[in-house]
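Nothing in this text is a laboratory measurement; each read-out follows from the coordinates by a stated rule. The structure displayed is predicted, hence computed values, not measured ones. Note: ideal-geometry Cβ built from the backbone for every residue, glycine included; neighbour counts use all protein chains shown.
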Amino acid sequence: MAAIGFTVAAYSLRQQYAVQSCGGPGDNRMLDSVREKQKNETQCEVCPIRSMALFKRVPEDQLGKTQNHRSSQMTYEAKSHLYHEGETSAHVYTLFSGCVKLYKTLKNGKIQGLRFATPGDFLGFQGDLEGAMHHGAVALTDITVCAFPKDEVYRMICEHKDIASELIMKNAKMMAFCQEHLASTGAKSAVESIAFTLIEFNHRLKQLNKTNKLSDDNDPIDLPITQEDLADAVGLTAIHVNRTLKQLKQDNLIACGKGKIQVLNEEKLKLLAHFDPNCLHVSNIL
């Protein structure tokens, strides 16, 4: 299935900041599509996504020290797994570029999409840090991640209160998203749920571009998800999703063509989705 997408500057961060072909220490099922360890790793002091990542609050004069907790930067090709559900992972990750689908496999074999991760997201961190992963993570595009050995995570949190504070805020934001996502999949109609997923993802990518001054608000945004990915996220069949996308296109809310989709009327799509960006905002109280 062709990816649903349109041009996004956010995913060109890898080229802009000279992220070479890279790889790193393997987790239990590291695929062949993970390349060699990056030779010229991006330094935390000049990281283009630091304002959205775990090191956001760390003073610049301490970044060199905190960077020592990172083992490497790695690149995965699209469709590669960052980690697998039910298996242990040696690392947690900050997503540097690209997009990742987090998912859970149900007992009946169906896939439930949990969320689409974007640059700055902290992946693989869970309450049972040493146990098997409760969900899987697969690259929707070529991605670059910063890898942190799990045995360094507790030390990193204990040594740097700024990192601990940011981790709490990230978890608070994730809770807000989960509440909105649950309401979307459980109480909304098919068209409302799909509209919510599209506009929420579109909103996050626009915020990413705005923060990094990568593009104008009117520039098209890449949504690198297939209809199957969208169906997994909202709990519908791909056929139902296809029918709903056609309806949204007929209503001039989105444009589709040549494997691309573009939000044409954000305000109307927000109204249809009952999407309030403020619901996903968490004040920095720490």
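Counting every other Cβ atom within 10 Å of each residue's Cβ, C146, C279 order from fewest to most as C279, C146.
From least to most packed, judged by other beta carbons within 10 angstrom and beginning with the fewest, C99, C178, C256 follow the order C178, C256, C99.
The ranking of T237, T226, T211 by Cβ neighbour count inside 10 Å, starting from the fewest, reads T237, T211, T226.
Sites listed here are trypsin sites (Lys or Arg not before Pro) in the range 39-74 whose DSSP assignment is loop and whose Cβ has at most 10 other Cβ atoms within 10 Å: K39. For GluC sites (Glu not before Pro), no site in the range 138-247 is both called loop by DSSP and has at most 14 other Cβ atoms within 10 Å.
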